[in-house]
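Note sheet for the following structure.
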Amino acid sequence: MARSIAHVDMDAFFASVELIERADLRGRPVIVAPSGGRGVVVAATYEARALGVHAGMPVGRARRAAPAAVFIPPHRQAYTRVSRGVMALLREVTPLVEQVSIDEAFLDLTGARKRLGAAPGIVEGLRSQIAQRFGVTASAGIGRSKSVAKIASVRAKPDGLLVVPPERTLAFLRPLPVDALPGIGPHTGAALARLGVRTVADLADSPDTTVARAIGDKAAAHLLALSRGQDDEPVTPEHVEKSISAETTFEQDLPRGCEELRREVMRLADKVAWRLRSAGLMCSTVGVKVRDADFKTHSRSHTLDSPTDSTATITGLALRLVASARGAHLTRLAGVRLENLQARAGAPLQETLGQDPSRLPRLDRVRDDVRRRFGGAALTSGTLIPDGTVRLRRSRVSMMDPINQSNQPGR
Ligand SMILES: [Mg+2]
């Protein structure tokens, strides 16, 4: 199955953040530049860009090009604050987020699709959340590779989404000017123009040796592959230390060791394990958090010798960690966290805690299939077995309304 990669890119980001506080300036040419007039333009609204102003342009030239424009000095802390919020929102959908600059990121939605539906719906949800929560807009492209997603997002601007279905990749790429491909600067562009290459199709149909002679072996191999729709580069989360976590605050404090608390820990472990597998990941560390009625928080974690994505392994560990966590008798909050994440491909074969290893992945597969068909919350009941592992009753399959589900703590 083809991958679903999204490229999300904020529109005129710094200028848009400035307009959050200055709604009166919306629709006008606004230029963000250091005061004093000797620097260069940091950002410009689309209205200013229409007058020929662009980032990197000397401020003096920008003033001549757009004499009626409003100049605002940059507020970098505000950009960082909004950027962090947006990136955190993207990571709510999948941990496979690769932030490439303060205002753009790639998301690999291939795994998240099973949980959240088709990629365009996920991305439209994100775009509207970004607009609602932060008051700025983002554009996005979706394709089967990072390069296609990036090229599409450029063409979706401003405030748009462009989806390139996998089978339409070449039809999308071939008519574009060749410098639409990422990585073609003026120098390479001029060398290709001397070969008569104007469009992506011209490049794709050129003999490899001719292109290599003009722009070098490495650049030629890379750009020829992109022009032919070949791009397997993975979305790589930039921080190695990513985590997946879920927690519940109880309506009433629960005694430590009670069945209700144990069932909630099982439910949380099941939830994070499902998100882990949905994202195509494995984890090496399982952690838990319990907060006492007096707000003291106790955390414990355990790192496995080899990574796992098994619900039974994660649940068994989470239950043992909660049982051994220090703290008072009454618990107001419990959480489960998975850390040291890595892509499933290439991960060493998992070893489970004393269970028949051939059974567990199959059971998880069955459960994941059921959830894909019946919704995210089906199949969460289980029975605790004395050795700390969990056996799931496969007969308890039901279709549930996810909204009602969230109103039933303990399920
Ligand atoms: Mg941008």
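Could you list, ordered by first residue, the pairs with Cβ atoms under 6 Å in which the first is in the stretch 308-324 and part of a helix (DSSP H, G or I) and the second is among the polar types (S, T, N, Q), at least 6 apart or interchain?
What qualifies is A312/T389; T313/T352; G316/T389.
How many residues are part of a strand (DSSP E or B) and within 23 Å of A12 (Cβ to Cβ) if we restrict to the stretch 91-138?
Number satisfying all stated conditions: 10.
Would you tally the residues in the stretch 278-304 being open to solvent by less than 30 Å² (accessible area, probe 1.4 Å), out of contact with any helix residue (DSSP H, G or I) (no Cβ under 6 Å at 6 or more places or on another chain) and not in a strand (DSSP E or B)?
Adding up the residues that qualify gives 2.
I need a count of the residues in the stretch 94-117 that are in contact (Cβ under 8 Å) with a residue 60 or more places away in the chain and small (G, A, S).
3
Just to confirm my filter: which helices (runs of 4 or more DSSP H) fall fully inside the stretch 1-82 and include at least 2 residues that are within 16 Å of the ligand (Cβ to nearest atom)?
13-21, 46-49
Filter the stretch 1-27 for residues that are within 19 Å of the chain's Cα centre (by Cα) and of a type in the set (A, V, I, L, M); which is farthest from I151 (Cα to Cα)?
In this case the residue turns out to be A2.
Given the options L109, L116, name the one that is open to solvent by 50 Å² or more (accessible area, probe 1.4 Å) and under 30 Å from L341 (Cα atoms).
Being open to solvent by 50 Å² or more (accessible area, probe 1.4 Å) and under 30 Å from L341 (Cα atoms) holds for just one of L109, L116, which is L116.
From the residues in the stretch 200-213 that are touching a Ser or Thr at 6+ places or on another chain (Cβ under 9 Å) and open to solvent by 40 Å² or more (accessible area, probe 1.4 Å), which one is farthest from P182 (Cα to Cα)?
Ranking the qualifying residues of the stretch 200-213, first place goes to D205.
Taking the condition surrounded by 13 or more Cβ atoms within 10 Å (Cβ to Cβ) and modelled with pLDDT of 95 or more, does D270 pass?
When the stated conditions are applied, D270 does not pass them.
State whether one or more residues within the stretch 247-262 are within 18 Å of L173 (Cα to Cα), among the hydrophobic types (A, V, I, L, M, F, W, C), at pLDDT 90 or above and not in a strand (DSSP E or B).
no
Can you name the residue in the stretch 88-129 that is within 16 Å of the ligand (Cβ to nearest atom) and of a type in the set (G, A, S) and, of all such residues, is nearest to D231 (Cα to Cα)?
Looking at residues that are within 16 Å of the ligand (Cβ to nearest atom) and of a type in the set (G, A, S), I get A105.
Which one of G196, G229, G189, G143 is surrounded by 14 or more Cβ atoms within 10 Å (Cβ to Cβ), modelled with pLDDT of 95 or more and more than 21 Å from P95 (Cα to Cα)?
From the options G196, G229, G189, G143, the qualifying one is G229.
Here are some residues: V32, V40. Which one is open to solvent by 10 Å² or more (accessible area, probe 1.4 Å), touching a Pro at 6+ places or on another chain (Cβ under 9 Å) and among the aliphatic types (A, V, I, L, M)?
V40
Check the stretch 263-273 and report whether any residue there is in contact with a Phe, Trp or Tyr (Cβ under 8 Å, 6 or more places away or on another chain) and part of a helix (DSSP H, G or I). Talk me through it step by step, then tell me what you get.
Within the stretch 263-273, the subset in contact with a Phe, Trp or Tyr (Cβ under 8 Å, 6 or more places away or on another chain) is 264.
Restricting the remaining residues to those that are part of a helix (DSSP H, G or I) gives 264.
The answer is yes, given that some residue of the stretch 263-273 is in contact with a Phe, Trp or Tyr (Cβ under 8 Å, 6 or more places away or on another chain) and part of a helix (DSSP H, G or I).
The values are calculated or read from the model by the stated rules, or taken from the named source; none is laboratory data. It should be emphasised that the depicted structure is a prediction, and the values quoted were computed from it without experimental measurement. With ideal geometry, Cβ positions are generated from the backbone for all residues, glycine too; neighbour counts draw on all protein chains shown. When the accessible area is computed, the model is the full protein with side chains, heavy atoms only, and any ligands, DNA or RNA have been set aside. Shrake-Rupley method; radii C 1.70, N 1.55, O 1.52, S 1.80 Å.
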